[in-house]
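See structure below.
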Amino acid sequence: MKTNKSFSKRLKVTKNGKVLGRKPGFNHNNAKQSRSTQLNGKSMVPFPMKQSAKRRFLVNIGN
């Protein structure tokens, strides 16, 4: 089975196997937010994934 590339490009797998992703809700309508809030939205947060989903989508990346 191949790794789902479109999904894996949105995530980052750390050395210890944690899956990180972007915070939700920062794609548009950010003009009203303060600059610090906008920059906080760029940070990576732990992405909750079950082991079965990791095996399915991230086959060759940090099982």
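A few points about this structure:
- Taking every alpha-carbon pair under 8 Å whose residues sit at least 6 apart, the chain reaches a relative contact order of 45 percent.
- Net charge dipole size for the chain [Lys, Arg +1 and Asp, Glu -1 on Cβ; Debye, nearest 20]: 140
- For the chain, calculated [θ]222 nm from helices alone, where every DSSP H run of n ≥ 4 adds -39500 (n - 2.57): -6000 deg cm²/dmol
- Of (1) 24.3, 70; (2) 12.8, 37; (3) 14.1, 44, the label for Rg and Dmax of the Cα atoms in Å derived from the coordinates: (3)
- Footprinting exposure proxy ranking of 45, 59, 13, fewest other C-beta atoms within 10 angstrom first, gives 45, 59, 13.
Every number here is computed from the coordinates shown, using simple stated rules; none is lab data. Please read all numbers here as calculations on a predicted model, not as lab measurements. Here Cβ is always computed from backbone atoms with ideal geometry, including for glycine, and neighbour counts include all displayed protein chains.
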